[in-house]
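No value in this document is a laboratory result; all are computed from the given coordinates. Note that the structure is a prediction, hence the values are computed from the model and not measured. Neighbour counts run over all protein chains shown; Cβ positions are idealised from the backbone, glycine included.
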Amino acid sequence: MSFAFDLYIDRPSWLHRLDPRTKLAFVAFSSILLLSYSHPFVSATFLLGIHGILWSGKVPASRLRWAWQRMWPITLLILLLWPIFYPQGDEVLWQVWRVRITTQGLLQGLSTALRINALAFVFLVLLFSTDQARLVRGLVKLGLPYEWGLTLAIALRYLPTLYGIYTTVSEAQQARGWVVGEGSFVQRIKSYLPILVAVIVTALRLADNLSMALSARGFQSGARRTYLRDLELSPADKVCLPLLAVSLIVFLIFRFRHGLGA
Amino acid sequence: MVIVEDLHYAYPPLTPGGKPIPVLKGVHLRVQKGEFLALMGSTGVGKTTLCLTLSGILPHLLRGSFEGKVVVAGMDTRDHGPGQMSRQVGLVFQDPESQLFNMTVEDEVAFGLESLGLPPSEMEERIAWALEVVRLSGLRQRHPLQLSGGQKKRLAIATVLAMRPQVLVLDEPVTGLDPLGRHEVLSVIEQLKREEEVTIVMVEQDAEAVLAWADRVVIMEEGRLVLEGSPRQVLSQVESLHDWGLAVPQLGELAHLFNRRQGTSFHFITEDEAYSALAGELPETRFLKPLHPKCTRLPTLATPREALLSEKPGFYHPVQTPVDLSPAIQVEDLSYRYNDGLWALAGVNLSIEAGNFLAIVGQNGSGKTTLVKHLNGLLRPTCGQVVVLGQDTASQSVGQLARKVGYLFQNPDHQIFAPTVWEEVAFGLRNLGFANGEVAARTTEALALFGLGDQADTPPAVLGYGLRRQVTLAAVWAMHPQILVLDEPTAGLDWRSTRTLMEEVTNLNRQGHTIILITHDMKLVAEFARRVLVLDGGRILAHGPTRQLFQQEAVLRLAFLAPPPIAALARRMQPYGLRGDSLTVEEFYQEYSALQRLDKEQRSRSPEQSEGTGAEEQSNRAPATLCPCDLAP
């Protein structure tokens with residue numbers, strides 16, 4: 001049984017040790033960069049760089065393969081459909097009826113596919129190397145109210161539980177001859193009622209117990225909350241953060257002052 | 001330490017304008033510092049509600065009408081909310097799933113300490129201590145969902161323990177655990193009481209556990225405490241306890257049986273007491289004469305495995321059904337691997353005759369549920385074959401198999417969804433495509449059979465736990481499956497509901513239905529099952545007649561199973577001529593009283609011997625003709 005919807009892989013690496021806030025800053029930095037630069041060369045270089053980071057962060061190759069397996073269908077779709085639906089420029093390579101394929105359209109498709117992949121991998125850098133608890137702690141440290149952070153953490157924690165309840169309930173109903181509905185949308189939704197009702201009732205009962213468990217553990221007891229593992233910026237973070245800021249400024253100047261990489 | 005005075009509590013009405021639901025109706029309770037108090041009562045009498053009032057959750061989290069007074073460690077719960085009370089009262093809920101909401105064991109324990117605002121250094125110290133006490137120190141970075149059932153419960157204890165409460169309130173801390181898990185949790189609780197002087201209030205259904213661990217017992221019935229005293233005193237009130245729907249220790253039941261039928265006044269309740277009381281009544285016997293051939297069964301268990309595999313019906317085990325020897329289920333070389341690569345079953349071979357009653361036992365995670373899910377196609381073999389009623393399951397859908405194999409899930413709430421009990425029972429029949437007339441006829445029949453006729457129009461979700469269990473059994477039975485699989489059906493049920501359920505299941509078995517029961521309760525296995533399958537790590541550790549299994553000490557130890565107290569007592573009394581394989585109180589009594597009769601007859605035949613008082617004569621006392629076979633009723 002999978003016990004968490006979690007991409008985190010525990011490895012002793014510099015990437016894992018970085019403060020989640022630094023990694024969040026990296027996500028922001030990369031997103032701005034990828035959205036402002038559209039040249040395929042930039043996205044390709046960036047994608048390569050991210051793989052370098054993942055490799056040095058000891059993320060196993062199997063995980064990367066897993067990620068690519070999920071990314072390639074969408075990549076293929078973009079590469080195929082973009083040139084067909086957004087034919088730009090005059091350099092027509094191929095034309096049938098009203099469908100034109102242009103060089104620039106092809107390049108744009110390639111660029112979009114690379115950017116989307118690069119963005120996905122930027123988030124994977126964060127998710128592969130940061131466990132959910134630290135991620136939530138980072139967000140709270142950045143100003144998210146604690147209650148919200150706790151809610152988010154609990155939601156993440158209970159996803160597998162709810163999934164488990166859903167599986168058990170659907171097995172229990174299947175054992176009574178229930179089959180996934182066929183026919184119209186409404187009929188199908190209706191056929192799911194035996195499962196949904198039981199899942200929702202069980203989930204409500206769980207939520208009720210959870211709220212009692214929280215107060216039995218002194219939640220909102222009036223004391224000011226302290227933290228067992230408070231996040232503190234390490235020397236590595238103190239190097240990375242200014243580096244990210246400076247390079248962002250430099251890249252933005254190149255892009256908008258000098259019009260590079262459009 | 002705990003003072004409860006004339007406590008009344010009623011839950012707010014379920015619907016606006018409805019009536020409040022009174023649960024506690026005048027509870028008086030005092031618990032001394034350092035005491036281990038057990039609270040017993042059948043389901044729905046208000047035990048959990050009482051726990052919630054001790055921690056201040058009631059009335060603060062859920063309003064409702066609260067009268068009377070609860071003071072714990074000098075704090076009145078009317079003036080202090082659950083947040084403040086949590087420093088004094090640690091409340092451990094029944095369901096571990098809903099109280100472990102963090103990503104690691106360490107964070108789980110830290111949560112309460114963070115709420116109290118403790119400095120990190122002190123937190124570190126307390127976490128280390130709490131995890132040490134519950135013996136989870138090595139698992140700090142584990143995800144709570146990766147822990148076993150017993151570990152989860154111990155973690156739940158650690159989470160409140162770290163807050164250093166003076167009182168620990170535990171709501172059925174061992175329900176649903178396998179025998180090993182139960183022992184781990186109970187010994188941790190006992191250690192806390194002994195070494196840390198924590199006051200314990202524990203809700204528990206199992207009389208044997210209460211007897212072994214608690215200092216004092218209170219019995220709750222209909223929102224009031226009706227009986228209190230030492231476990232010995234309280235648990236020997238066999239008739240009253242049964243009237244309240246509660247279990248009594250098995251040997252207490254035996255004493256009661258003797259007193260009722262022979263007019264004795266036995267008070268024994270533990271094995272030692274029973275042994276010394278009963279052994280005194282019989283002469284010690286040695287088997288001087290060669291044993292009757294029928295009796296050689298026990299001594300010749302040369303290799304346990306062979307003995308277990310060769311099925312000879314116990315010679316006075318009542319044959320309950322004419323057994324049709326065609327197999328209902330054949331499992332051949334079944335292996336199953338989950339997606340994460342874990343082998344849950346490895347090379348299981350099994351054949352179950354139609355009309356048999358098989359119990360499947362073993363630790364949690366040994367593959368019991370995985371095995372039975374193959375019978376109705378919820379899981380498909382990774383390798384091997386499963387044949388049900390002569391047909392390979394590979395060629396049949398779950399829906400088709402549902403006509404042959406009924407499956408009762410552990411938690412009734414996982415299948416209850418319909419607006420009325422009638423609809424709930426009819427659901428399966430409609431799925432199978434029966435005509436309306438047939439659906440109505442079978443549903444009505446099922447409701448009548450399981451005593452649910454009056455509840456036909458009630459929403460099943462508002463019924464008590466025992467009745468919800470009945471509804472799910474009726475719903476499965478209505479489909480008239482040849483084979484009935486019950487996955488821990490009695491977990492969380494009180495004694496009376498368990499008896500009702502098992503009697504119904506036995507009736508179905510008498511009518512020829514094949515029954516497969518997964519359970520941790522060895523008393524149920526001994527009393528009802530004809531064969532037992534012991535699983536361990538996805539393999540069959542042993543398989544054979546129930547009576548033989550309980551003779552296999554090595555197998556039992558390997559699977560962390562303990563025979564029921566009556567079986568242990570019978571074994572111990574073998575030197576007095578008992579065969580030592582009694583499975584129920586009634587069997588033991590019959591055999592023992594037959595021995596008594598035999599002894600009396602011999603004495604009357606040779607009066608000169610019984611008059612002698614010398615040691616020599618004692619040892620010569622006529623056991624030579626005694627063979628256990630002569631005792632068959």
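Return the long-range amide H neighbours of B:Gly68 (sequence gap of 5 or more, or a different chain), with a cut-off of under 5 Å between placed amide H atoms.
B:His8
Over all residues in A:198-208, what is the mean tally of Cβ atoms on other chains that come within 10 Å of each residue's Cβ?
On the way: counts 9, 2, 1, 5, 4, 0, 0, 3, 3, 1, 3.
For this peptide, the per-residue mean of nearby foreign Cβ atoms is 3.
How many angstrom lie between the C-alpha centres of region B:152-184 and region B:396-458?
37
Say the cut-off is 22 Å between C-alpha atoms; which of B:Lys33/B:Lys152; B:Lys47/B:Lys69; B:Lys69/B:Lys153; B:Lys153/B:Lys523 go over it? Please list the in-between numbers first.
Values: B:Lys33/B:Lys152 27 Å; B:Lys47/B:Lys69 17 Å; B:Lys69/B:Lys153 30 Å; B:Lys153/B:Lys523 24 Å.
Pairs exceeding the cut-off: B:Lys33/B:Lys152; B:Lys69/B:Lys153; B:Lys153/B:Lys523.
Evaluate the relative contact order of region A:145-216 (contact order divided by residue number), counting alpha-carbon pairs under 8 angstrom at least 6 apart; express in whole percent.
Numbers: 22 pairs, mean separation 20.5, N = 72.
Contact order relative to length: 29 percent.
Give me the percent of DSSP beta bridges within region B:2-245 that run antiparallel, rounded to the nearest 5.
The antiparallel proportion sits near 55 percent.
Spin-label point model (7 Å from Cα, Cβ direction): what's the B:Arg261 to B:Glu190 distance in nm?
3.2
Taking the Cβ of A:Leu126 as the center, what net charge do the other residues with Cβ under 13 Å away carry, scoring Lys and Arg +1 and Asp and Glu -1? Don't skip to the end; give the middle numbers.
Working: positive: A:Arg21, A:Lys23, A:Arg134; negative: A:Asp6, A:Asp19, A:Asp131.
Charge balance near A:Leu126 sits at 0.
Under 8 Å for C-alpha pairs, at least 6 residues apart: give me the relative contact order for region A:1-129, rounded to a whole percent. Present the calculation step by step, with values, prior to reporting the outcome.
Numbers: 132 pairs, mean separation 51.0, N = 129.
With pairs under 8 Å counted, the relative contact order is 40 percent.
Share of antiparallel DSSP beta bridges in chain B, in percent to the nearest 5?
Values: 43 of 77 bridges.
Taking every DSSP beta bridge with both residues in chain B, the antiparallel ones total about 55 percent.
Under a point-charge model restricted to the Cβ atoms of Lys and Arg (+1) and Asp and Glu (-1), what is the dipole moment magnitude of chain A relative to its Cα centre, in debye to the nearest 20?
On the way: 26 positive and 13 negative charges, 59 e Å.
Dipole of chain A, to the nearest 20 debye: 280 debye.
Rounded to the nearest 500, what is chain B's calculated 222 nm mean residue ellipticity when only DSSP H runs of at least 4 contribute -39500 (n - 2.57) each, over all residues?
On the way: 26 runs with 239 residues, N = 633.
Computed mean residue ellipticity for chain B: -10500 deg cm²/dmol.
Could you work out the relative contact order of region B:2-245, using alpha carbon pairs under 8 angstrom and six or more residues apart, expressed as a whole percent? Before the final figure, lay out the partial values.
Details: 460 pairs, mean separation 65.2, N = 244.
Once divided by the residue count of region B:2-245, the mean separation gives 27 percent.
Shielding of B:107-120 by partners, i.e. mean partner chain Cβ atoms within 10 Å per residue?
Details: counts 6, 1, 2, 4, 8, 6, 5, 10, 12, 8, 7, 3, 2, 5.
Rounded to a whole number, the mean comes out at 6.
In deg cm²/dmol, rounded to 500, what helix-only [θ] at 222 nm does chain A give when every DSSP H run of at least 4 residues adds -39500 (n - 2.57) and the total is split over its residues? Present the calculation step by step, with values, prior to reporting the outcome.
On the way: 10 runs with 182 residues, N = 262.
That comes out to -23500 deg cm²/dmol.
Determine the shielding of peptide B:412-420 by partner chains: average, over its residues, the number of Cβ atoms on other chains within 10 angstrom of each Cβ.
Values: counts 2, 7, 13, 11, 7, 12, 4, 1, 0.
Shielding by partners across B:412-420 averages 6.
Counting other C-beta atoms within 10 Å, which of B:Val532, B:Val134 has the fewest, and how do the rest follow?
Numbers: B:Val532 27, B:Val134 24.
So the ranking, lowest neighbour count to highest, is B:Val134, B:Val532.
Region B:351-421: which trypsin sites (Lys or Arg not before Pro) are DSSP loop and have at most 12 other beta-carbon atoms within 10 angstrom? Walk me through the intermediate numbers first.
Working: sites: B:Lys368, B:Lys373, B:Arg403, B:Lys404; in loops: B:Arg403, B:Lys404.
Counting only loop positions with at most 12 other Cβ atoms within 10 Å, none of the trypsin sites (Lys or Arg not before Pro) in region B:351-421 qualifies.
Express as a percent, rounded to the nearest 5, the fraction of DSSP beta bridges in the protein assembly as shown (both residues included) that run antiparallel. Mind dumping the intermediate values first?
Working: 47 of 81 bridges.
In the protein assembly as shown, approximately 60 percent of DSSP beta bridges are antiparallel ones.
What does the charge count near B:Ala346 come to, summing +1 for each Lys or Arg and -1 for each Asp or Glu among other residues with Cβ under 10 Å from its Cβ?
Working: positive: B:Arg337, B:Arg539; negative: B:Asp333.
Result for the neighbourhood of B:Ala346: +1.
Using the Cβ atoms and a cut-off under 12 Å, what net charge is assigned to the surroundings of B:Val45, where Lys and Arg are +1 and Asp and Glu are -1?
Numbers: positive: B:Lys25, B:Lys47, B:Arg224, B:Arg496; negative: B:Glu221, B:Glu222, B:Asp494.
So the environment of B:Val45 carries a net charge of +1.
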